[in-house]
Amino acid sequence: MYGVIDFSRINTRPGGFGPFAPPVGWQGDYRQYLQTRFDGDIGVRQQILVVGRILVRQPDGTRARFLGPHAVEARKFALSAGSSISRC
């Protein structure tokens, strides 16, 4: 899961690569899925925070493109996480 990471393309497709992609066949509340992963896996947390910081620093979002069925929700989650650390 933690190989080479391309932060310009965020995959939210089930079975895809990265912290935003649920497993194949997953169904449920996507926001809760992300929150559970964020809280329970430091590697996932770090990747989400990096994406969030990219979004905070690049408000037009040109450096991170979200793909898949959960793209909007994933972007909101990452932006929220990134915004929370920028206030620290």
- Residues with amide H under 5 Å of Phe66's amide H, sequence separation 5 or more or different chain, H placed in the peptide plane at 1.01 Å from N; which? Ile10
- Of the peptides 70-76, 23-29, 51-57, how do they stack up when ordered by the mean number of other Cβ atoms within 10 Å, highest first? 51-57, 70-76, 23-29
- Between the Cα axis of helix 71-86 and the main Cα principal axis of the chain, the angle (0 to 90°, nearest 10) is 40
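Throughout, read-outs are computed from the coordinates displayed, never taken from laboratory work. From a predicted model like this one, the values you see are computed outputs, not experimental measurements. Virtual Cβ from ideal backbone geometry, glycine too; neighbours counted across all protein chains shown.
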